[in-house]
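The structure appears below as structure tokens.
The values are calculated or read from the model by the stated rules, or taken from the named source; none is laboratory data. Since we're looking at a predicted model, the values are computed, not measured. For neighbour counting, all protein chains shown are included, and Cβ atoms are generated from backbone atoms with ideal geometry for every residue, glycine included. These accessible areas exclude ligands, DNA and RNA; they are computed on the full protein's heavy atoms, side chains included. Shrake-Rupley method; radii C 1.70, N 1.55, O 1.52, S 1.80 Å.
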Amino acid sequence: MKLKKNPFGKNPLITAITILLFLGVTPSVSAAILYQDVQEQESSFNQYQGKIVDSETNNPLVFATLSIENTNISTVSNTEGYFSLKVPKDIGEGQVSVSFLGYKTRTIPLSQLKENKNEIGLEVSFTELSEVSLAVPKDAKALVQETLLRKGDNYFDDPTLMTAFYRETIKKRRKNVSLSEAVVNIYKSPYNSDRRDALQLYKARKSTDYDKLDTLAIKLQGGPFNTLFVDMIKYPQYIFTEETFDDYNFSFENSTKVNDKLIFVINFKQKESITDPLYQGKLYIDADKKILTSAIYSLNITDREKAAKMFVRKKPAHANVWPTDIAYRVDYREKNGKWYYGYSNVLLEFKINWDDRLFNSVYSMTCEMAITDWEKNTTGESPKFKDRIKSSIILEDEAIGFSDPDFWGEYNIIEPEKSIESAIKKIQRQLRRSKAKEDSSSLGM
């Protein structure tokens, strides 16, 4: 297999996920939030909300996919299994397809869904051992190589304009301290092309400083590119480079099913003789057509000092900072026999040891992006360079602040976690109080 050489070094994903840490007093809530007027108009969509669960255990199914059949509209459930799906009113007779890795896909008529409190249970899909033993190839590494080489056969071969919802959060232990969200246009180039995808920011909002950050300002550099570059089929060199592919051991695990199709599960891990931090995880490959349907992996932090140098751009002089967990996930979806990037997320967890404090600080940064709609880009148009998002973007600096609850309009978003929802409500209460103070001050003048 001939993989393209990586122009960014051995760990190019690192270049897209950089943290800026520096001392300073962050701006107050009232200064951080701006207003946006949204014109009221009659709703042109129906919104359905609910939860995806295991039908036997009732446990939530995280990142389950919901899509409207015969359309390109889709969304995913959040980390608590909850979902929100907006459907144009002219698709009132449509069917909702609900799928999750290792479970039987379920199809539900839209007419049977309620606006709220839909609980959708999925059944585990069992795989016959005889079927697996007959189908499993002997060489796991060769299967991975073949899968990456066949991207031109199995994935979108036309330019595509995608609409995506992107969210990034920062937590101090379990408490939310920062949240940014955006609707992004992705000008996706064909998978058999080396041309990079282009991104354009359509809408964005943020909340800042609604919880003390120990006077520590933490910013995530890269924004939506962090998640886009996890598209392993489009950017295989960002994990398996020509130089590092032979540094991994590949092996088969028990198989599973997606949409009633047999899926091989392949474990990969760097060889013990390799000391540089590489990756380890699982690849889910369609047994019949050799298609990567999902990948879940993490950085193997063999040396925390090396990992710290890779991820931390700036830090306070009186503190040591190092990552404790760096994890990635990408899921692909299928339409008319062709597959495409559908969802990805990145988790970066790190610890700060202060020289002058008894206790350390633990922060986690999460970003995720879901494709909610797409169409063929028949003209091959692409945004002008001045209108494109740069890979060095800090979304928090570009967003405008939480304001109108109808900010997203008809765009599908990932339902926020309860903790994030509480933080948003807190921001909105502070905004109302701030506005009331401003009004009373102007009346007194």
May I have the pair-distance distribution P(r) for the range 194-312, computed from all Cα-Cα distances with 5 Å bins from 0 and rounded to whole percent?
2, 8, 14, 16, 16, 15, 12, 9, 6, 2, 0
Where a Cα-Cα gap under 21 Å defines reach, which lysines qualify for LYS386, not counting those fewer than 8 residues away within the same chain?
LYS188, LYS203
In the neighbourhood of GLN200 defined by beta carbon distances under 14 Å, the net charge of the other residues (Lys, Arg +1; Asp, Glu -1) is +3
Hydrodynamic radius (Kirkwood) for the range 259-340, which is based on Cα pairs only, to one decimal in Å
15.2 Å
For ASP90 and LYS335, extending 7 Å from Cα along the Cα-Cβ vector and measuring point to point gives, in nm, a value of 1.7 nm
Going by average Cβ density within 10 Å per residue, which order do the peptides 71-78, 224-231, 269-276 take, highest to lowest?
224-231, 71-78, 269-276
Hits in the range 257-277: amide N under 18 Å from the 7 Å Cα→Cβ extension of GLU305, namely 275-277
Can you compute 3J(HN,Hα) from phi for each residue in the range 74-88, using the Karplus curve 6.51 cos²θ - 1.76 cosθ + 1.60 with θ = phi - 60°, rounded to whole Hz and x for Gly and Pro?
7, 7, 10, 7, 8, 6, 10, x, 7, 9, 9, 10, 9, 10, x
Checking rank on 83-90, 411-418, with mean other Cβ inside 10 Å and highest first, the result is 411-418, 83-90
Setting aside same-chain residues fewer than 8 positions from LYS138, which lysines have a Cα under 19 Å from its Cα?
LYS269, LYS282, LYS289, LYS290
Could you sort ARG196, ARG205, ARG388 by their accessible area in this structure, using a 1.4 Å probe and putting the largest first?
ARG196, ARG388, ARG205
Relative contact order, percent, of the range 263-320 when contacts are C-alpha pairs under 8 Å separated by at least 6 residues?
29 percent
Three-way shape call for the range 294-395 based on the alpha-carbon gyration tensor, with the a/c threshold at 1.5:
prolate
Treating the range 136-199 as a set of equal point scatterers at the Cα positions, no solvent, please give the Debye-formula log₁₀ I(q)/I(0) at q = 0.25 Å⁻¹.
-1.00
Over the range 280-353, calculate the relative contact order: mean separation of alpha carbon pairs under 8 Å at least 6 apart, over the residue count, as a percent.
27 percent
How high is the FRET efficiency from PHE385 to ASP158, r the C-beta distance, R0 22 Å, rounded to 0.05?
0.45
What ranking, highest mean first, results for peptides 150-162, 298-310 when packing means the other Cβ atoms within 10 Å averaged over each residue?
150-162, 298-310
